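**Q** Structure provided below as structure tokens; questions to follow.
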Amino acid sequence: MTRYTVRTLLLEIALIVAAAVFISPMVVALNIALRPSGQAGSPLALTTSPSLENVVAAFTEGHLGAALLNSVVVTVGGTLIAITFSSWAAYYLVRRSGHLPRGLFMLFLAGLLLPIQLVTLPLYNTLHSLGLIGNLGGLLVHYAGSTMPFSVFLYASFLRSVATDYEEAAHIDGCGPASAFVHVVFPLLRPVTGTVLILNALAIYNDFFNPLLYLTGSGQQTAPVALQSFIGEYVANWPVIFAGVLVTVVPILALYFILQKHIIKGFAGGLKG
Amino acid sequence: MHKHSLLNQHWRTMKKRHGSLAAVIACALLLTGCSTGGASAAKSGETKLTISANYAEAAFQPIIDAFQKANPGVTVAYTKLAQGTDTNQAIRTQLAAGTASDIIMSLPGSSPLGVVTLSKDGFIADLSDQAWTKTVAEPYKGLVSVGSAVYSFPGAVQPIAAFYNSTKLRQVGLTAPGTWSELLKFCSDAKGKGVSAFAAGMADMTSTLLTTYALVATLNDGPNPGFNQGIATGKTTFTNSKWTQALTQLQQMINAGCFAKGATGMSIDVANGLVADGSALGIVTLGAFFEALIKTLPAGTEYEVKALPATDNPSDTYMPGSLTTGLSVTSKAKNPDVAKKFLAFLAQPENYATFATNYVGVIPAIPSDAFKAPSTLKVFNEYVQAGKVTAFPNVYWPNGEIVASLQKNTQALFLGTTSPEQIVQGMTAAKK
């Protein structure tokens, strides 16, 4: 049993102060989000009569409900595609020897270095030719491609540290490469899968530019694009924006809490090469 | 064998799980198309007109509804955008691919969505044959044109003006100044009463320029029409102008304690709050900020809007007025004729008046008898009628570096680390 000393007390105080510093922006956001329109005062002044009118405005005027659903669809779809394809690709690239897998791996790594601005127009033109502009399918195709290089890199780095003994045992038991991957290798990749999942989910969920580009004019939008509709030419409706932000944070925060154990494990062990 | 049967069992479980997963994905893809309103799909046989701009739906939707009512068979799909680098890049990508909306927002000048840039790239159509182009008021016609060709429907005009909390003015026994001497006395008197004359939210870089633009309108741009156009051609220079005097007067205001403390790091919302709670008597602000400012005032507070004086002769005073975002028809519009019809509809006096009224803080750039200026815009409207309005100077400047230099150095002037002469030198250097 650890004794409660002055040092422990000081540590506790330091941690409480640090927590207060980290949580203060959220408190300010909540304070402004709950402030009814017409109530004057500094952003730091406590809202005396809290109201949910800004949350209601975010849903009714900003169509946040449908936008959130679209965000969830592209995030779930994009992340699943990234995990499925990149883990298979990395398995092949790491476990097969020869020039082709090495060359392909280098090609994936080159994708990490390529500035996205360079490919925006050609990619947009291609998706337009395929009739994928103005719907979530186009966005999913975009995310499938854009998340692959980093995901393959993470999976490949992790796979190199995984011993081949289990796969060999599976082969002896009659598994082919695909079956061995599904039943033996992929479960071993759980830590790095957590990392890939959370990094891609965050990137896709928070992405503003691509949904703006691919969905403008279609009547569909994702949550970040819906929130920007409250930014006027010169004036931003901060109370509604903060209310929307707080609502928007809920799904990704829920995902984090559900997967907390795996994510921490993933960050701790998922990047080991 | 036992291990193999375990694997088989595992495989069956996986198949079930994958089945569920596939069902989830299928559902998700079926959900593709969750409409978020605004831009709705046209029914078969209907013409769909697409518009992407940054006008608030409250201001624009009544016009869209009226247009749809007047044109059965036409559906207008409006996408509300926020101005910014991402939006500019998205619109330009769509323009290059030919998939942009029929009507897009455009700005005066040479920014990525400026009429000069867009027309040079061949992205927007020449609208000179439209009847409404003949009625656009000067100096705004020049801002939506390149040479003699008109490329944009002017949004509306908003002023830079001094907004005062009249209730607080009465409380402290002061009146809003009408001359430069009165302004400096107003600042010292306010200080004596324990309040600031003006709040300033200079954390927002646009607000950094407002007082300077108000002074420059009277001292330089009003008496010298064409000065800012001359900057690009080299006919005029900042050094041989009243810019140094305007910035010296701004420095005098700073030294006289006209502005509330902490102006350089203050957001516009906090600055508005100071006017609302009476810590500051007024604020030099944009028409677009009026509504937000009025909302922060305690119920029953009276307010007034006046031009900011720069000389001791009130008849010298000019007010700066800026064009808001305009609308251009894209070169590859799917329905160019309907798009032009929409702009002509918007240009009709009663429709333009409705738009300007709903926009709040602006007046029409095409004179409209149907427009009844609210109390906050009465003074500005009088200045417009009297031809005493100048456009914001930076819209004519040949690059964005000049205004960036002015913004940065104005902050330094507030901090006391630069001089008016150095600011003018910086602007001159940025022009090259």
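The values are calculated or read from the model by the stated rules, or taken from the named source; none is laboratory data. This is a predicted model, so every value here is computed, not measured. Because the Cβ atoms are built from the backbone with ideal geometry, glycine has one as well, and the counts that use them run over all protein chains shown.
**Q** Looking at the structure I just gave you, is B:S106 surrounded by fewer than 19 Cβ atoms within 10 Å (Cβ to Cβ), within 22 Å of the chain's Cα centre (by Cα) and touching a residue at least 60 places away in the same chain (Cβ under 8 Å)? I'd like the intermediate steps shown before the answer.
**A** Details: surrounded by fewer than 19 Cβ atoms within 10 Å (Cβ to Cβ): no; within 22 Å of the chain's Cα centre (by Cα): yes; touching a residue at least 60 places away in the same chain (Cβ under 8 Å): yes.
Considered against the rule, which asks whether it is surrounded by fewer than 19 Cβ atoms within 10 Å (Cβ to Cβ), within 22 Å of the chain's Cα centre (by Cα) and touching a residue at least 60 places away in the same chain (Cβ under 8 Å), B:S106 comes out as no.
**Q** Looking only at the range A:89-102, decide whether some residue is part of a loop (DSSP other than H, G, I, E, B) and among the hydroxyl-bearing types (S, T, Y). Before the answer, list the steps.
**A** So in the range A:89-102, the residues part of a loop (DSSP other than H, G, I, E, B) come out as A:96-98.
When the remaining residues are screened for being among the hydroxyl-bearing types (S, T, Y), the result is A:97.
Yes - at least one qualifying residue is present in the range A:89-102.
**Q** Determine whether the range A:15-29 contains at least one residue that is at pLDDT below 90 and either surrounded by 17 or more Cβ atoms within 10 Å (Cβ to Cβ) or within 14 Å of chain B (Cβ to nearest Cβ) (or both).
**A** yes
**Q** Let me ask something else about it. Looking only at residues in the range B:82-101 that are surrounded by fewer than 18 Cβ atoms within 10 Å (Cβ to Cβ) and among the small types (G, A, S), which one is nearest to the other protein chains (Cβ to nearest Cβ)?
**A** B:A96
**Q** I'd like to verify a number: residues in the range B:48-59 that are modelled with pLDDT of 90 or more and of a type in the set (F, W, Y), how many?
**A** Summing the residues that are modelled with pLDDT of 90 or more and of a type in the set (F, W, Y) in the range B:48-59 gives 0.
**Q** Restricted to the range B:62-81, and to residues that are out of contact with any Phe, Trp or Tyr (no Cβ under 8 Å at 6 or more places or on another chain), within 12 Å of chain A (Cβ to nearest Cβ) and not β-branched (V, I, T), which residue is surrounded by the most Cβ atoms within 10 Å (Cβ to Cβ)?
**A** B:L81
**Q** So for the range B:198-217 (the condition being assigned to a helix (DSSP H, G or I), more than 14 Å from chain A (Cβ to nearest Cβ), closer than 21 Å to B:P139 by Cβ and touching a Lys or Arg at 6+ places or on another chain (Cβ under 8 Å)), does at least one residue qualify?
**A** Yes, the range B:198-217 contains a residue that is assigned to a helix (DSSP H, G or I), more than 14 Å from chain A (Cβ to nearest Cβ), closer than 21 Å to B:P139 by Cβ and touching a Lys or Arg at 6+ places or on another chain (Cβ under 8 Å).
**Q** Starting from the range A:94-120, keep only residues that are on the phi < 0 side of the Ramachandran plot and surrounded by 15 or more Cβ atoms within 10 Å (Cβ to Cβ), then list their pairs with residues that are part of a helix (DSSP H, G or I) and hydroxyl-bearing (S, T, Y) whose Cβ atoms are within a distance under 6 Å, requiring at least 6 positions of separation or different chains.
**A** Hits for this filter: A:T120/B:T93.
**Q** Filter the range A:55-73 for residues that are more than 9 Å from chain B (Cβ to nearest Cβ) and β-branched (V, I, T) and give the result.
**A** Hits for the range A:55-73 are A:V55, A:V56, A:T60.
**Q** While we're here: Can you name every residue in the range B:148-189 that is touching a strand residue (DSSP E or B) at 6+ places or on another chain (Cβ under 8 Å) and of a type in the set (K, R)?
**A** B:K168
**Q** Follow-up. Would you confirm whether any residue within the range B:274-285 is buried (at least 24 other Cβ atoms within 10 Å of the Cβ) and either of a type in the set (S, T, Y) or in a loop (DSSP other than H, G, I, E, B) (or both)?
**A** Yes - at least one qualifying residue is present in the range B:274-285.
**Q** Would you call A:A82 within 14 Å of chain B (Cβ to nearest Cβ) and more than 30 Å from A:V196 (Cα to Cα)?
**A** No: the conditions fail for A:A82.
**Q** Follow-up question, since we're still on this one. Does B:N313 satisfy the condition of being surrounded by fewer than 17 Cβ atoms within 10 Å (Cβ to Cβ), touching a residue at least 40 places away in the same chain (Cβ under 8 Å) and away from every other protein chain (no Cβ under 13 Å)?
**A** yes
**Q** Check whether at least one residue in the range A:157-178 is more than 28 Å from B:L95 (Cα to Cα), among the basic types (K, R) and part of a helix (DSSP H, G or I), and report yes or no.
**A** No, there is no match, as no residue in the range A:157-178 is more than 28 Å from B:L95 (Cα to Cα), among the basic types (K, R) and part of a helix (DSSP H, G or I).
**Q** Right, next: Yes or no: the range A:191-209 includes at least one residue that is in contact with a strand residue (DSSP E or B) (Cβ under 7 Å, 6 or more places away or on another chain), among the β-branched types (V, I, T) and in the same structural domain as A:V141 (by TED's automatic domain parsing). I'd like the intermediate steps shown before the answer.
**A** Going residue by residue through the range A:191-209, those that are in contact with a strand residue (DSSP E or B) (Cβ under 7 Å, 6 or more places away or on another chain) are none.
Taking every residue of the range A:191-209 in turn, none turns out to be in contact with a strand residue (DSSP E or B) (Cβ under 7 Å, 6 or more places away or on another chain), among the β-branched types (V, I, T) and in the same structural domain as A:V141 (by TED's automatic domain parsing).
**Q** Just give me the residues in the range A:181-221 being part of a helix (DSSP H, G or I) and within 10 Å of chain B (Cβ to nearest Cβ), in sequence order.
**A** Taking the range A:181-221 first, the residues part of a helix (DSSP H, G or I) are A:181-188, A:190-206, A:209-215.
If the condition is that a residue be part of a helix (DSSP H, G or I) and within 10 Å of chain B (Cβ to nearest Cβ), then A:V182, A:H183, A:V184, A:F186, A:P187, A:F209, A:N210, A:P211, A:L212, A:L213, A:Y214, A:L215 are the ones that fit.
**Q** Looking only at residues that are under 18 Å from the mean Cα position of the chain (by Cα) and part of a helix (DSSP H, G or I) in the range B:363-380, which one is farthest from B:M319 (Cα to Cα)?
**A** B:T376
**Q** Report, ordered by the first and then the second residue, all pairs with beta carbons closer than 7 Å, sequence separation of six or more or different chains, a first member in the range A:150-173 that is closer than 28 Å to A:L109 by Cα, and a second member that is aromatic (F, W, Y) and surrounded by 13 or more Cβ atoms within 10 Å (Cβ to Cβ).
**A** A:V152/A:F108; A:F153/A:F108; A:A156/A:F105; A:L159/A:Y91
**Q** Would it be correct to say that B:Q229 is under 23 Å from B:G142 (Cβ atoms), surrounded by fewer than 20 Cβ atoms within 10 Å (Cβ to Cβ) and assigned by TED's automatic domain parsing to the domain that holds B:N399?
**A** yes
**Q** Any chance you could count how many residues in the range B:164-196 are without any contact (Cβ under 8 Å) to a residue 40 or more places away in the chain, assigned to a loop (DSSP other than H, G, I, E, B) and not polar (S, T, N, Q)?
**A** Total meeting the criteria: 3.
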